[in-house]
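> Dumping the structure here so I can ask a few things about it.
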Amino acid sequence: MRIAVPSKGRLREPAITLLEDAGLGPETPGDRALAFPCRYAPVEALLVRADDIPEYVQDGVVDCGITGLDLVRERAVNVTELLRLGFGACTLEVAVPVESTVTNASELTGTRVATTFPRLAAELLPVSVELVQVDGSVELAPRLGLADAIVDLVSSGSTLRTNGLRSLGPLLHSEAVLIAGSDPSEETRQFAAVFRSVVEARSARYLMLNAPEDAVAAICALVPGSRAPSILPLAEPGMVAVHSVIPAAEVWRLLPELEAAGATSILLMPVERMLG
Ligand code: AMP
C-alpha cells in the first residue's frame with residue numbers, strides 16, 4: 001500500500017501524526033526524505049507536494065493520499081474522497097482592501113481578482129471577473145495595484161487583517177481529506193476505515209462517573225450521544241457507575257451540569273479508536 005503525504009507545509013505534521021495514531025508506526029522522516037516506511041504495516045509513505053497529490057492519486061502512482069480538499073477541487077481530478085480528516089480546516093474567501101466600498105462578491109463584476117485558485121474562483125464567484133493568476137503572496141496583489149480583490153485560503157483571518165483586507169465571505173470550506181483513485185480497492189477502503197476510527201475517536205471522550213441510583217435518570221438525560229450509557233453497580237449500596245462516550249466539544253458544558261445533578265468521581269479519558 002502506498003500513500004502520498006504532504007512533503008511540507010501545514011498538512012505535513014498532522015498527516016504523519018495520523019499515520020502514527022492509526023498504529024502504522026511510521027519511521028520519522030528526515031526533512032529531505034522522499035519516502036518513509038512504516039514499522040507495523042506494509043505501508044510506504046511518499047512525501048509529495050500537497051498540490052501534486054491529487055494527480056498522483058488520480059494517475060494511480062499511489063493508492064491513496066492526504067491533501068487539502070481545496071487542492072482536490074482546484075485540480076478537478078477524478079478521485080474518490082474517502083474521508084474528511086478533521087485537520088487543516090480553512091475557507092477559500094474573497095476579500096477586498098478595507099477601504100473598498102464593495103460589500104458583496106456580486107459587486108465584483110469585471111474587476112481584477114488575484115488568486116492561486118483560478119478554477120475555483122471562476123466556478124464559485126457569483127459574477128464574471130478578470131482573474132489574475134499569481135503563485136504566492138496573494139494578499140499583496142491589491143497593494144501592488146495588480147488586483148482589486150483576492151480569492152485565497154483563510155484560517156484565522158489574521159493574514160487578511162495584517163494586509164489591510166476585509167473578507168466578503170467564504171466560497172468553499174476545506175479541510176484535509178483522504179483520497180483514492182476513481183475505483184478504490186477493498187484494501188484501500190479498509191485502510192480508510194482504520195483512519196476513520198482514529199478521526200472519530202479524536203472528537204470523543206470516555207466519561208466515567210459515580211452517582212446515587214436516584215440521580216441516574218437526570219444524569220442520563222444530560223449525557224448526549226447515540227450510545228446508551230452503561231450503568232454498573234458499585235460495592236457501595238445505592239450507588240452506580242455511569243460510563244458513556246460523549247462529544248469532546250460538549251465537555252466544557254456538561255461537566256458542571258453533571259456535578260450539579262449529583263455525579264461524583266468524574267473521570268474523562270481520551271478514546272483511541274471508535275469502530276462500529
Ligand atoms: P501549505 O502547504 O502550508 O501552503 O498548505 C497546504 C494546504 O493547507 C492548503 O491547500 C489547505 O488545504 C491547508 N490550509 C489550512 N489552513 C490554511 C491557510 N490559512 N492558508 C493556506 N492553506 C491552509
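The values are calculated or read from the model by the stated rules, or taken from the named source; none is laboratory data. Note that the structure is a prediction, hence the values are computed from the model and not measured. Note: ideal-geometry Cβ built from the backbone for every residue, glycine included; neighbour counts use all protein chains shown. Please note that ligands, DNA and RNA were not included when accessible areas were found on the heavy atoms of the full protein model with its side chains. Shrake-Rupley method; radii C 1.70, N 1.55, O 1.52, S 1.80 Å.
> Over the stretch 130-236, with the other protein chains present, what is the accessible area per residue in square angstrom, probe 1.4 angstrom?
53
> If the only charges are +1 at each Lys and Arg Cβ and -1 at each Asp and Glu Cβ, what is the size of the charge dipole of the stretch 162-276 around the Cα centre, to the nearest 20 debye? Can you show the working numbers first?
On the way: 8 positive and 12 negative charges, 77 e Å.
It works out to roughly 380 debye.
> If you don't mind, another one. Rounded to the nearest percent, how much of the accessible area of the stretch 166-276 (1.4 Å probe, protein heavy atoms only) is carbon and sulfur?
57
> So, in nm, how far is label residue 257 from label residue 220 when the simple model puts each one 7 Å beyond its Cα toward the Cβ?
Taking the simple label geometry, residue 257 and residue 220 are separated by 1.7 nm.
> Could you compute how much accessible surface residue 124 exposes when probed at 1.4 Å, giving the result in Å² to the nearest 10?
50
> Now a separate question. Calculate how steeply helix 251-260 sits against the longest principal axis of the alpha-carbon atoms of the chain, using the helix alpha-carbon long axis, and give the answer as 0 to 90 degrees to the nearest 10.
20
> If I take the Cα coordinates of the chain and project them onto the principal axes, what are the three extents in Å, biggest first?
77, 50, 33
> Let me ask you something else. What FRET efficiency, computed as 1/(1 + (r/R0)^6) with R0 = 41 Å and r the Cβ-Cβ distance, is obtained for residue 158 and residue 230, rounded to the nearest 0.05?
0.40
> Quick one: length gained pulling residue 265 to residue 122 fully straight, 0.36 nm per residue minus the C-alpha distance? Mind showing how you got there, number by number?
Values: separation 143, 0.36 × 143 = 51.48 nm, distance 5.64 nm.
The residue 265-residue 122 span can extend by a further 45.8 nm.
> Now, a different point. If each DSSP helix of 4+ residues adds -39,500 (n - 2.57) and the sum is divided by the residues in the chain, what number results at 222 nm, nearest 500 deg cm²/dmol?
It comes out at -7000 deg cm²/dmol, rounded to the nearest 500.
> Using a 1.4 Å probe on the protein heavy atoms, what percent of the accessible area of the stretch 53-99 belongs to carbon and sulfur?
On the way: 780 of 1770 Å².
Here carbon and sulfur together make up 44 percent of the probe-accessible area.
> Note the full-extension length gain between residue 249 and residue 98 as 0.36 nm times their separation in residues minus their Cα-Cα distance, in nm to one decimal. Write out the running numbers ahead of the final one.
Details: separation 151, 0.36 × 151 = 54.36 nm, distance 3.41 nm.
Full extension of this stretch gives 51.0 nm more.
> Something else now. Would you mind checking the tilt of helix 12-21 against the longest principal axis of the Cα atoms of the chain, expressed as 0 to 90 degrees and rounded to 10?
On a 0 to 90 degree scale, this one is about 30.
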